[in-house]
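Heads up, the thing below is written out as structure tokens.
The values are calculated or read from the model by the stated rules, or taken from the named source; none is laboratory data. Source: prediction; values computed, not measured. Glycine gets a Cβ as well: all are built from the backbone with ideal geometry, and neighbour counts include every protein chain shown. To get the accessible areas, we keep the full protein, side chains included, count just its heavy atoms, and leave off ligands, DNA and RNA. Shrake-Rupley method; radii C 1.70, N 1.55, O 1.52, S 1.80 Å.
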Amino acid sequence: MTSLLQATSQWTLTAVPYGTVDARALTRALHQEQLATYGSADDPEATDCAEFDAPHGQFLLARLGDGPALACGGWRTLSPSTAEIKRMYVAPAARGQRLGRRILAALEQDLLGRGHIEVLLETGVHNIAALALYAAFGYAPVRSYVPGRNPDINRALKKAVLQPVAPHPLTGLPT
């Protein structure tokens with residue numbers, strides 16, 4: 001039998017609608033962890049599923065082979081120049097597999113060329129793994145962009161998006 005540690009390369013990321021059964025199960029699990037840790041959390045059911053629909057968003061699930069979805073994350077458009085990373089979660093059984101890194105990298109890659117110049121996100125002050133992940137990806141602390149957030153609980157982060165440079169049509173070199 002293959003353990004999760006031995007099967008890192010067999011993980012797949014798939015874009016799915018936010019309202020799918022697997023996406024909802026993972027976002028509910030995230031919500032329960034947030035409630036247990038902080039006493040309150042945004043209800044993922046209150047988010048309109050269309051907010052994660054392409055081309056204005058994307059929601060990813062990670063699976064090991066044909067097994068259950070064990071991690072998720074998405075991005076949505078906040079404004080023509082700003083995207084937001086939301087609902088990043090890795091189930092306890094799959095932690096330590098670098099799935100958060102893979103999902104975040106895939107979400108950032110999908111954002112390229114869509115006109116956004118910055119990405120915002122929020123996480124909790126006690127989510128040390130998420131804070132380390134976002135710092136490693138170049139996210140920096142900013143004042144909360146969501147009204148009414150408790151600064152003793154919430155941490156807002158921001159990153160500039162580097163847009164791809166189109167090659168010159170004749171030379172093939174960046175313009």
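Need one word for segment 31-109: rounded, prolate or oblate. Basis is the Cα gyration tensor (sqrt eigenvalues a ≥ b ≥ c); a/c below 1.5 gives rounded, then a/b vs b/c decides. Since a/c reaches 1.5 but b/c is at least a/b, the shape of segment 31-109 is classed as oblate. The alpha carbon gyration tensor of segment 75-139 gives principal lengths a ≥ b ≥ c with a/c of 1.5 or higher and a/b greater than b/c, which makes the shape prolate. Rolled with a 1.4 Å probe across the full set of protein chains, the surface gives Asp110 an accessible area near 30 Å². At the residue level, Ser79 shows approximately 40 square angstrom of accessible surface with a 1.4 angstrom probe and all protein chains present. Rounded to the nearest Hz, the phi-derived 3J(HN,Hα) couplings of segment 142-155 under the Karplus curve 6.51 cos²θ - 1.76 cosθ + 1.60 (θ = phi - 60°) are 9, 5, 4, 9, 10, x, x, 6, 8, x, 7, 10, 8, 10, where x marks glycine and proline. State the answer as a single residue: which of Leu104, Ile128, Ala29 lies farthest towards the positive end of the charge dipole of the chain, with beta carbon charges of +1 for Lys and Arg and -1 for Asp and Glu, about the Cα centre. So the residue we want is Ile128. Note on the chain: helix-only mean residue ellipticity at 222 nm, from DSSP H runs of 4+ residues weighted -39500 (n - 2.57) and normalised by residue number, equals -7500 deg cm²/dmol. Once the convex hull of all Cα atoms in the chain is built, its volume per residue stands at 142 Å³. Taking every DSSP beta bridge that has both ends in the chain, the antiparallel portion is near 90%. When you filter the trypsin sites (Lys or Arg not before Pro) in segment 16-105 for DSSP loop state and at most 16 other Cβ atoms inside 10 Å of their Cβ, you are left with Arg95, Arg98.
Taking every protein chain into account, the 1.4 Å probe leaves Phe137 with about 40 Å² of accessible area, to the nearest ten.
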